[in-house]
Amino acid sequence: MSVLTRNEAQTRAQLLDVHRYTVELDLTTGEATFDSTTAIRFTARTAGDTFVEIKPETLRSLSLDGQPLDPERLDGNRYPLDRLTAGPHELTVDATMRYSHTGEGMHRFTDPADGETYVYTQLFMEDVQRVFAAFDQPDLKSVFDLTVTTPTGWTVLGNGVSTQATEGRWNIAPTPPISTYLVAVAAGPWHSVTTQHAGLPFGIHCRRSLAPHLDADADEILDITRACYDRYHEKFDEPYPFDSYDQAFVPEFNAGAMENPGLVTFRDEFIYRSAVTDTERQTRAMVIAHEMAHMWFGDLVTLTWWDDIWLNESFAEYMGYQTLTEATRFTDTWTDFGVSRKGWGYDADQRPSTHPVAPAPDAVPDTASALLNFDGISYAKGASALRQLVAWLGEKDFLAGINTHFSRHKFANATLADFIDNLATATDRDVHTWADAWLRTTGIDTLTAHVENTGHSWNLTVDHAGNRPHRITVGAYDHSLDTQTGTEQLILRDRFELDIPQDGTPTTQPGHRPDLVVLNDHDLTYAKIRLDPDSWDTALTHLSGIPDPLTRALVWNTARDMVRDGELHPTVHLTAARTHLPHETDLALVQGVLGFAAGQIADRYLPPQDRPTALATLTSLCRDLLRRTEGLTAKDWEQAPGTTTPSSPDPGLRLIAVRHFVDAATQPDTIQDWLREGTVPGGPELDAELRWRILTRLAVLGATDETAIAHELDKDPSATGQEGAARCRAALPTTEAKAAAWQAMFTDDTLSNYLFTATAQGFWQPGQSELLHPYVARYYPDAIALAARRGPAIAEAAGRHAFPAHAIDPDSIRLGEQALTDPALTPALRRKLTDQLADLRRALAVRDAH
Ligand SMILES: [Zn+2]
């Protein structure tokens with residue numbers, strides 16, 4: 001198979017003008033394959049050679065302008081169209097295509113809960129070729145007119161409104177001009193909730209076995225959808241460009257969601273079978289808002305080439321968080337962004353694989369290299385840069401520039417240069433220079449505060465390591481004794497704006513020096529922050545007393561990257577978590593800080609002999625959180641999300657404590673009791689997610705067996721249950737269990753993407769290093785061969801979840817470095833291994849630093 005290069009795309013875009021695809025899909029031809037017939041009407045501007053792409057199981061026939069072509073001439077995924085004459089043409093292609101089980105192309109899934117089958121497309125980048133023939137590049141937009149034949153009883157969803165012409169035969173209304181990667185179809189016996197908003201049909205859909213869970217949250221999902229829709233119409237001049245808005249929650253989806261015009265697909269874990277925290281609901285809402293932003297940015301105006309993926313994603317990420325804050329009950333989204341997303345960007349930016357937010361066009365020469373850029377840089381750093389841009393330009397000018405961008409390029413394509421030029425029309429500021437400093441460079445600036453007391457005033461000087469301009473806010477806080485509770489709080493004395501770099505003279509502020517000075521207090525920029533020593537002492541001892549959660553998130557991020565840089569002992573971070581999290585009220589912060597403490601500090605940054613103590617610290621912290629959330633009634637657990645009053649115990653907080661207690665348990669007794677009783681004393685009652693979580697931990701500890709796993713699977717035979725069982729079986733500390741899991745992952749090639757991931761998650765356990773040691777060396781050749789056989793989605797899962805991330809020693813790193821020289825390594829796996837090895841080296845450096 002050939003990947004498309006940028007040069008080839010440019011040549012073809014100059015030659016062709018594509019008008020219309022008429023596609024017929026027949027989904028009634030069996031479980032392995034489906035039939036695909038395509039007619040493409042297009043014009044060649046001049047005479048010339050080109051090609052069309054398709055990845056068929058069997059290419060049955062083709063014709064050009066009514067003349068048959070020889071199917072045998074298919075070369076990999078390219079069919080040559082030689083010596084095209086100038087003028088209009090019609091190409092027809094008739095083929096049999098294969099269903100996928102990796103979430104790429106036309107994914108087919110049979111629900112173990114009820115035996116119902118569902119299919120959906122994910123055509124991103126170049127997977128349209130797995131479904132029908134196409135001139136597959138983003139800047140050859142066209143009208144798409146699809147007809148789908150299905151088994152009876154199915155519903156078909158598509159980009160446009162779908163109607164059933166006769167039993168099992170569905171027509172989807174033709175689209176306006178869109179890119180090939182944005183075509184979507186989802187078919188099956190969906191459960192649907194539909195409504196109208198602003199004159200458009202809105203629908204939400206999921207497989208039938210999840211129906212009660214979708215229904216329970218339908219109002220919440222649709223309310224957020226409507227609120228975002230209305231807010232975007234206040235921000236954007238262009239109206240919503242498509243004829244309907246469907247959101248389908250589909251099984252075994254690889255990403256969070258995909259912004260197909262008029263038919264957004266989401267992973268169906270967003271339909272909650274078990275209890276979740278309000279932060280998790282906020283994440284779902286953010287994804288809804290993110291995907292809807294793409295309807296304008298991405299779908300209406302589309303990147304010309306894949307070097308501008310970041311612009312799509314950064315924009316949607318920024319808009320998603322910002323729009324939720326403005327338009328929904330989730331008014332504190334930037335704290336979650338700070339604690340859960342920025343670290344993703346900071347981490348990616350410190351690995352050798354980092355790249356400018358906007359890579360140079362020749363740095364993305366083909367589609368395979370573009371696929372590597374779906375990372376913390378393109379999403380989190382890019383969104384942080386846009387947030388800083390808005391702080392610097394003002395929102396009014398920013399939106400004016402965006403609206404110019406939409407009106408100039410609607411139903412067409414645009415580049416970063418177009419975007420910057422359009423912003424420049426709306427402001428006097430030099431956005432071109434700003435873009436060069438922020439978007440064309442790599443790495444993180446560091447801002448270090450120096451505070452000096454001068455008697456009646458204090459001076460602030462900021463050391464700036466780096467070259468980007470920053471507009472930040474500085475917060476000045478003082479101690480204050482709360483006479484009612486006897487506890488010490490920090491209160492905000494003053495907050496002021498500061499442009500970095502300063503002109504050399506320190507900023508002078510009235511009064512004595514504050515007890516705590518926080519640079520980037522509103523987290524408006526993207527930089528490492530280092531407090532002055534006195535402020536750092538105050539922060540460590542009074543972190544939970546800082547009034548604004550966004551400020552606390554910033555301080556926690558500072559602690560996090562000080563640990564990663566070897567400047568703060570990991571146990572100091574752990575002690576701060578132990579001290580402050582029991583008093584923390586922001587769920588996103590508790591979740592994020594605990595996640596880092598458990599997954600990085602206990603499992604990786606501390607040497608193995610210190611891990612039991614770290615886990616004991618975590619379980620005692622969780623016991624504190626459980627004590628703080630006692631007294632919840634059954635009604636509290638059932639209460640509609642977001643309606644708890646701040647003073648009452650938060651069920652979400654208790655749920656986080658229960659989950660982390662289970663994951664950190666070093667003795668089986670307590671959690672075994674919970675599983676036997678079916679409840680945590682004082683709640684919650686165990687739902688399927690908690691039962692599987694406990695059983696996984698018992699498996700890790702060797703305190704359960706196959707009989708118990710099979711029994712649990714009988715009780716929960718759903719897809720999630722199958723994943724839970726696979727995770728448990730792989731986690732059992734026996735040579736047989738590990739051998740079976742390895743065989744399933746690396747030899748069978750039958751595991752779906754989700755079952756592969758679940759097996760991998762169970763397999764590697766930091767407490768089982770002796771048992772797992774032989775697999776460290778086996779991993780590299782087996783993963784390289786697997787990635788070559790099964791493609792990018794499985795390669796990604798193998799690199800992310802099946803990697804020996806706890807083998808933190810020089811031998812393991814050496815093995816990995818040798819593997820990087822293997823010529824059989826695919827680009828997707830190479831990138832994952834490069835990043836994982838960088839993280840191993842960092843973990844080793846953190847251990848060596850103390
Ligand atoms: Zn996106």
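The values are calculated or read from the model by the stated rules, or taken from the named source; none is laboratory data. What you see is a predicted model; the values in this text were computed from it and never measured. Heads up, the Cβs are rebuilt from the backbone with ideal geometry, glycines too, and the neighbour counts pull from every protein chain shown.
For first residues located in segment 613-639 and of a type in the set (S, T, N, Q), partners that are not in a helix (DSSP H, G or I) and lie 6+ apart or on another chain with Cβ distances below 7 Å form the pairs Thr619/Ala665; Thr629/Pro649; Thr629/Asp650. State yes or no: is Ala383 surrounded by 19 or more Cβ atoms within 10 Å (Cβ to Cβ) and either under 26 Å from the mean Cα position of the chain (by Cα) or of a type in the set (Lys, Arg) (or both)? Yes: the conditions hold for Ala383. For segment 533-578: of the residues being of a type in the set (Gly, Ala, Ser) and at pLDDT 95 or above, which is farthest from Arg847 (Cα to Cα)? Once the filter is applied, the top-ranked residue is Ser535. For segment 163-207, filtered to residues that are outside any loop (DSSP other than H, G, I, E, B) and in contact with a Lys or Arg (Cβ under 8 Å, 6 or more places away or on another chain), the residue that is nearest to Ser100 (Cα to Cα) is Gly188.
One line per residue, one yes/no per condition, for (1) in a helix (DSSP H, G or I); (2) among the acidic types (Asp, Glu):
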site: Trp556; (1), (2): yes, no
site: Val563; (1), (2): yes, no
site: Glu567; (1), (2): no, yes
site: Thr579; (1), (2): yes, no
site: Thr585; (1), (2): no, no
site: Gly599; (1), (2): yes, no
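I want to confirm something. Restricting to segment 254-282 and keeping residues that are within 20 Å of Lys141 (Cβ to Cβ) and within 18 Å of the chain's Cα centre (by Cα), which single residue is nearest to the ligand (Cβ to nearest atom)? Here the residue is Glu259.
Among the residues of segment 407-427, write down those that are assigned to a loop (DSSP other than H, G, I, E, B) and touching a residue at least 60 places away in the same chain (Cβ under 8 Å). Scanning segment 407-427 gives Lys410, Phe411, Thr415. Per this entry, Thr33 is not counted among residues that are surrounded by fewer than 22 Cβ atoms within 10 Å (Cβ to Cβ), under 29 Å from the mean Cα position of the chain (by Cα) and within 30 Å of Pro792 (Cα to Cα). The residue that is nearest to Ala527 (Cα to Cα), counting only those in segment 304-343 that are more than 12 Å from the ligand (Cβ to nearest atom) and of a type in the set (A, V, I, L, M), is Val339.
Out of segment 283-293, which residues are under 15 Å from the mean Cα position of the chain (by Cα) and either at pLDDT below 95 or near the ligand (Cβ under 10 Å from one of its atoms) (or both)? Those that are under 15 Å from the mean Cα position of the chain (by Cα) and either at pLDDT below 95 or near the ligand (Cβ under 10 Å from one of its atoms) (or both): Val287, His290, Glu291. Scanning segment 519-576 for residues that are under 29 Å from the mean Cα position of the chain (by Cα), acidic (Asp, Glu) and farther than 28 Å from Ala838 by Cα turns up Asp521, Asp548. So Thr50 ticks every box in (1) buried (at least 17 other Cβ atoms within 10 Å of the Cβ); (2) more than 32 Å from the chain's Cα centre (by Cα); (3) over 19 Å from Asp366 (Cβ atoms); (4) not acidic (Asp, Glu) but one. Which box is left unticked? Single failed check for Thr50: (3).
Where helices (runs of 4 or more DSSP H) fall wholly inside segment 772-850, the ranges with 2 or more residues that are under 24 Å from the mean Cα position of the chain (by Cα) and closer than 22 Å to Gln761 by Cβ are 792-800, 827-849. For beta carbons closer than 7 Å, sequence separation of 6+ or different chains, a first residue in segment 574-599 that is in contact (Cβ under 8 Å) with a residue 24 or more places away in the chain and under 16 Å from Arg627 (Cβ atoms) and a second that is surrounded by fewer than 21 Cβ atoms within 10 Å (Cβ to Cβ) and among the basic types (Lys, Arg), the qualifying pairs are Pro582/Arg628.
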